[in-house]
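Each remark here refers to the structure printed beneath this line.
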Amino acid sequence: MPSPTEIPLFHALWQQQNIPTTLFEALLNDKANPLSTSERAEALTQLARCQGLSSQFDIAHATLDAIPTELLPTGSTARVRWLLEKGRVLRSSGKAQDPETKACFLAAYNEAKEDFFKVDAAHMLAIIDPTGSPDDAPPLENWTTVALKISRGSSDPHTQMWAASLLHNSAWDAIDAGKPQVALSEFKEARELRKRAFEEEPSAKNKTTYRISRWAVARALRECGENQEAYDLQQTLWAEAETGPVKEELDILKPLLGIEN
């Protein structure tokens with residue numbers, strides 16, 4: 001059983017499946033290896049997350065409501081995770097702009113003692129309030145830059161990996177804003193992080209996210225007019241697996257390079 005201080009607890013279950021509902025149900029029902037009170041509360045928050053990802057919002061709320069939050073100390077990991085998942089379910093169920101949703105994420109950000117969860121909260125706040133920032137943030141900072149600063153400066157490998165997701169999202173924003181060079185730089189940084197994660201833990205999930213990061217770099221290269229390099233990268237990806245997104249890019253790049261199908 002993972003230590004309650006491990007960050008993040010139950011990480012291995014999320015690596016095994018994209019939505020490990022059955023794994024958390026089995027863990028919670030394992031009479032031979034009972035969870036501690038705090039571990040059980042954390043596991044229930046993760047089960048609720050799975051339910052939310054499956055669009056079972058009422059069930060997810062019921063799972064979270066069954067957790068005795070009055071017994072969770074302020075700032076405890078279990079309480080912070082409850083706040084994060086309550087906010088996530090509210091957002092995913094169409095209540096992104098409800099005051100309760102933002103209040104959950106703000107409380108999680110302010111209470112979190114571990115960088116991993118503080119970044120998670122800032123990341124969610126960036127989604128629902130892109131131009132917002134902490135009250136004590138310097139001018140021009142927003143929730144995304146705050147989250148990136150924490151993740152880049154953390155000594156925890158899992159927290160550092162948050163930067164990959166943040167950079168990926170920021171890079172797509174840069175593409176939409178007509179800033180392909182900025183996007184390319186951010187996609188490349190994200191790719192290196194995904195590569196490291198895959199080399200350290202070659203799970204199917206890490207393999208997929210690393211592949212996506214490589215595709216994104218090639219996509220940004222095309223936006224920058226570096227068509228040959230983009231084509232070469234997409235060809236490498238195509239040789240590994242013939243997928244729709246890669247085919248779409250190759251179909252765009254071939255005419256630009258004078259290559260016949």
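Answer with yes or no whether Ala190 is small (Gly, Ala, Ser), touching a helix residue (DSSP H, G or I) at 6+ places or on another chain (Cβ under 6 Å), farther than 27 Å from Leu257 by Cα and without any contact (Cβ under 8 Å) to a residue 60 or more places away in the chain.
Considered against the rule, which asks whether it is small (Gly, Ala, Ser), touching a helix residue (DSSP H, G or I) at 6+ places or on another chain (Cβ under 6 Å), farther than 27 Å from Leu257 by Cα and without any contact (Cβ under 8 Å) to a residue 60 or more places away in the chain, Ala190 comes out as yes.
Among (1) of a type outside the set (A, V, I, L, M, F, W, C); (2) in contact (Cβ under 8 Å) with a residue 60 or more places away in the chain; (3) assigned to a loop (DSSP other than H, G, I, E, B), where does His158 come up short?
Here His158 meets the rest and fails (3).
Using beta carbons and a limit of 6 Å, which pairs, at least six apart or on different chains, have the first residue in the stretch 94-120 and under 20 Å from Ala163 (Cα atoms) and the second one modelled with pLDDT of 95 or more and not in a helix (DSSP H, G or I)?
Lys113/Gly75; Lys118/Ala112
Residues to consider are Thr144, Thr131; find the one that is within 27 Å of Asp98 (Cα to Cα), surrounded by fewer than 17 Cβ atoms within 10 Å (Cβ to Cβ) and β-branched (Val, Ile, Thr).
Thr131
Based on what the data block shows, is Ser93 assigned to a loop (DSSP other than H, G, I, E, B), over 17 Å from the mean Cα position of the chain (by Cα) and assigned by TED's automatic domain parsing to the domain that holds Glu42?
no
Name, by its number, the condition in (1) over 22 Å from Thr63 (Cβ atoms); (2) aliphatic (A, V, I, L, M); (3) at pLDDT 95 or above that does not hold for Ala112.
Of the numbered conditions (1) over 22 Å from Thr63 (Cβ atoms); (2) aliphatic (A, V, I, L, M); (3) at pLDDT 95 or above, the odd one out for Ala112 is (1).
Kindly indicate whether Glu189 is among the charged types (D, E, K, R), surrounded by fewer than 12 Cβ atoms within 10 Å (Cβ to Cβ) and within 19 Å of Arg152 (Cα to Cα).
no
Tell me yes or no: at least one residue of the stretch 59-70 is part of a helix (DSSP H, G or I), within 20 Å of the chain's Cα centre (by Cα) and at pLDDT 95 or above.
Looking through the stretch 59-70, at least one residue is part of a helix (DSSP H, G or I), within 20 Å of the chain's Cα centre (by Cα) and at pLDDT 95 or above.
Would you point out which residue out of Ser185, Ser170 is over 21 Å from Asn18 (Cβ atoms), assigned to a helix (DSSP H, G or I), touching a residue at least 24 places away in the same chain (Cβ under 8 Å) and not assigned by TED's automatic domain parsing to the domain that holds Phe117?
Of the residues listed, the single one that is over 21 Å from Asn18 (Cβ atoms), assigned to a helix (DSSP H, G or I), touching a residue at least 24 places away in the same chain (Cβ under 8 Å) and not assigned by TED's automatic domain parsing to the domain that holds Phe117 is Ser170.
When the stretch 151-171 is examined, which residues are found to be closer than 21 Å to Lys113 by Cβ and surrounded by 17 or more Cβ atoms within 10 Å (Cβ to Cβ)?
Ser151, Ser154, His158, Thr159, Gln160, Met161, Trp162, Ala163, Leu166
Taking the options Leu23, Leu13, Leu35, name whichever one is outside any helix (DSSP H, G or I), out of contact with any Phe, Trp or Tyr (no Cβ under 6 Å at 6 or more places or on another chain) and surrounded by fewer than 20 Cβ atoms within 10 Å (Cβ to Cβ).
After ruling out the rest, the residue left standing is Leu35.
The values are calculated or read from the model by the stated rules, or taken from the named source; none is laboratory data. Being a predicted model, the structure only gives us computed values, none of them experimental. FYI the Cβ positions are ideal-geometry reconstructions off the backbone, even for glycines, and counts take in every protein chain you see.
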